[in-house]
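First up is the structure itself, then whatever we jot down about it.
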Amino acid sequence: MFTKKDIPRLKQDLTIQTNLLGIDLTLKTRWGVFSPRSIDDGTELFMKHLRISNDDKCLDLGCGYGPIGLAVAKSCPQGEVHMVDKDFVAVELSNINVKLNHINNAQAYLSNAFLSVNKTNYFDKILSNVPAKVGREQLSIILYDAYDALKPNGKIMFVSINGLRHFIKDNFKSVFGNYKKLKQGQKYTISQAIK
């Protein structure tokens, strides 16, 4: 247990130095956001199997402090990246990290899934490190909204814990009519569907 004298130190932002998609990033994080000490294993696996085009328009759904969205933005300098999260601290940190890494084609904003996204046939890729407790109802909302937000031939790509892989597979097939497992690691699976 920490003592009261530890609290000022614990309130300070943490810093992660990482390399994702071959890009060096400095990321500010805080206690209370997902994986504040280091990039989580699911994101690490996801980034090793992600391919981004120079002019992609991407959505990072549930961006946290922004590791996926920021690396993707640096990989598509002619494109743009929208990063959304329902946690205002995550959005604040993502926007701090956009400035810290001198990225001009990405922005983070508060949105419960697609509630504030308001884009139709717009994105080339929708990317997410899906929370383990997403729930059937919320996943259905997310996938149908994602279908509408993607351009024809756009891709949705999720990384999830292996325990969710059949759930994701069944739901991708139901909404998109297709499913492809890109990689299954020891703990995580990367899934894809195409509009």
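The values are calculated or read from the model by the stated rules, or taken from the named source; none is laboratory data. None of the values given here were measured: they were computed from a predicted structure. All Cβ positions, even for glycine, are placed from backbone atoms using ideal geometry, and neighbour counts span all protein chains on display. Remember, those area values only see protein heavy atoms, side chains included, never the ligands or the DNA or RNA. Shrake-Rupley method; radii C 1.70, N 1.55, O 1.52, S 1.80 Å.
Listed values, structure above:
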{"read-out": "Flag for Asp13 being of a type in the set (Asp, Glu) and open to solvent by less than 100 Å² (accessible area, probe 1.4 Å)", "value": "yes"}
{"read-out": "Selection count where residues are under 17 Å from the mean Cα position of the chain (by Cα) and within 14 Å of Asn129 (Cα to Cα), scope the stretch 146-163", "value": "6"}
{"read-out": "Residue in the stretch 17-30 that is at pLDDT 95 or above and basic (Lys, Arg) present", "value": "yes"}
{"read-out": "Val91 farther than 23 Å from Asn153 by Cβ, in contact with a helix residue (DSSP H, G or I) (Cβ under 8 Å, 6 or more places away or on another chain), open to solvent by 10 Å² or more (accessible area, probe 1.4 Å) and not in a strand (DSSP E or B)", "value": "no"}
{"read-out": "Filtered residue count, the stretch 149-172, keeping only those that are crowded, with 20+ Cβ neighbours inside 10 Å and out of contact with any strand residue (DSSP E or B) (no Cβ under 7 Å at 6 or more places or on another chain)", "value": "2"}
{"read-out": "Failed criterion for Gly135 (all others in (1) among the small types (Gly, Ala, Ser); (2) without any contact (Cβ under 8 Å) to a residue 12 or more places away in the chain; (3) under 24 Å from Thr26 (Cα atoms) hold)", "value": "(3)"}
{"read-out": "Residue in the stretch 41-53 that is in contact with a strand residue (DSSP E or B) (Cβ under 7 Å, 6 or more places away or on another chain), under 22 Å from Asn153 (Cα atoms), modelled with pLDDT of 95 or more and not in a loop (DSSP other than H, G, I, E, B) present", "value": "yes"}
{"read-out": "Test: Lys86 is within 14 Å of the chain's Cα centre (by Cα) and open to solvent by 30 Å² or more (accessible area, probe 1.4 Å)", "value": "yes"}
{"read-out": "Qualifying residue in the stretch 66-82 (condition: assigned to a loop (DSSP other than H, G, I, E, B), over 12 Å from Leu127 (Cβ atoms) and open to solvent by 40 Å² or more (accessible area, probe 1.4 Å))", "value": "yes"}
{"read-out": "Meets criteria (more than 23 Å from Ala149 (Cα to Cα), free of Cβ contacts under 8 Å to residues at least 40 places away in the same chain, out of contact with any His (no Cβ under 6 Å at 6 or more places or on another chain) and assigned to a strand (DSSP E or B)) for Thr15", "value": "yes"}
{"read-out": "Qualifying positions in the stretch 48-60 - among the aliphatic types (A, V, I, L, M) and open to solvent by less than 10 Å² (accessible area, probe 1.4 Å)", "value": "Leu50, Leu59"}
{"read-out": "Subset tally (residues that are open to solvent by 40 Å² or more (accessible area, probe 1.4 Å), more than 19 Å from Phe88 (Cβ to Cβ), part of a helix (DSSP H, G or I) and of a type outside the set (Phe, Trp, Tyr)) for the stretch 105-148", "value": "6"}
{"read-out": "Residue within the stretch 34-44 that is open to solvent by less than 60 Å² (accessible area, probe 1.4 Å), closer than 26 Å to Asn118 by Cβ and either free of Cβ contacts under 8 Å to residues at least 12 places away in the same chain or touching a helix residue (DSSP H, G or I) at 6+ places or on another chain (Cβ under 9 Å) (or both) present", "value": "no"}
{"read-out": "Pairs, first more than 15 Å from Lys155 (Cα to Cα) in the stretch 172-192, second assigned to a loop (DSSP other than H, G, I, E, B), C-beta under 7 Å, six or more apart", "value": "Lys183/His49"}
